[in-house]
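Below: one structure, written as structure tokens.
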Amino acid sequence: MGFIPEAGDTNFCHISMPVGHYVDCEIRPTCGLAAETGIIGFFDDPRSFYEPDKVNAQLLWFKQGFVEYMFPNRLPYDCELSGIELSMELCSEAPLHNQDWPSDITVWINGMEIGTWLSPGDFGGERGHLTPAWWETQDSQFGMLKKWKVTEEGSFIDGIRVSNLKVIELGTEGGHSFNVRIGVKPDAANQGGINLFGRKFGNYDQDILLRMDYKPRSS
């Protein structure tokens, strides 16, 4: 995980979170984890998500449940948060792959639901640009890069408003950290699972990337 200060602009920062660095999870098969060099644990065994080697995961997948990450609060003490943006590469989880396999994927910050994206399918059959050679082409290969954002005006997915939830309602200020949960609800209309890609799998050279925008605190 890294903190990336922005040259020439002190009003935002980036935090990069490897996909295997979750601190909590609830997993239902089909499921699994893969590092850059091989499988971690066993296919379709939720116990594998607790293996020490999970931190090396570059791809994880599950049918239903969630993974939860703790992000450090990098907000300067004399500033207030004006926006949070999360970007990640992900898609549905089907046996092998299936382009037509819808899934309702939801993101929460500090327990507040940001919004649900309807993933159209699980993409494979052609190799992801970064996917290791040992991973079979018939399996999930890449996802779509999606962005969840909460501002002072509301909440958005890829720039489209999904709710009136504002950044001040997230309760991220004042604490040392805050949590981000990514999952498929047990009552979701489309329970097509999740594939979540790290920087060594898929088409995008990034882990879960969080951007914090801030401004001087109002007096």
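Just so you know, all these numbers are worked out from the coordinates, no wet-lab data involved. Keep in mind that this is a model prediction, so the values were computed, not measured. Because the Cβ atoms are built from the backbone with ideal geometry, glycine has one as well, and the counts that use them run over all protein chains shown.
General remarks:
- FRET E, pair Asp78, Glu136, Förster distance 45 Å, beta-carbon r, rounded to 0.05: 0.30
- Under 5 Å, built H, 5+ apart or other chain: amide partners of Thr131: Gly202
- Extension gain from Phe43 to Lys147, taking 0.36 nm per residue of separation minus the Cα-Cα distance: 34.6 nm
- Straight-line cross-link reach from Lys215 at under 27 Å between alpha-carbon atoms covers these lysines, not counting any fewer than eight positions away in the same chain: Lys146, Lys147, Lys149, Lys166.
- Length released on extending from Asp205 to Glu68, taking residue separation times 0.36 nm less the Cα-Cα span: 47.2 nm
- Label positions at Asp100 and Ser16, each projected 7 Å from the Cα along the C-beta direction, are separated by 3.8 nm.
- Spacing of the two label points (7 Å from each Cα toward its C-beta) at Leu118 and Asn190, in nm: 0.6 nm
- Length-normalised contact order for the chain - Cα pairs under 8 Å, 6+ apart - percent: 29 percent
- Where a label projected 7 Å from the Cα of Arg217 along Cα→Cβ would reach, residues of the range 151-181 with amide N under 12 Å: 173-175
- Average projected area [Cα convex hull, the range 167-219], square nanometres: 6.5 nm²
- Two-decimal log10 I(q)/I(0) for the chain, as the Debye equation yields it once each C-alpha is a single scatterer, q = 0.18 Å⁻¹: -1.29
- Each principal axis of the range 72-147 carries a Cα extent, and these read 51, 26, 15 Å when sorted largest first.
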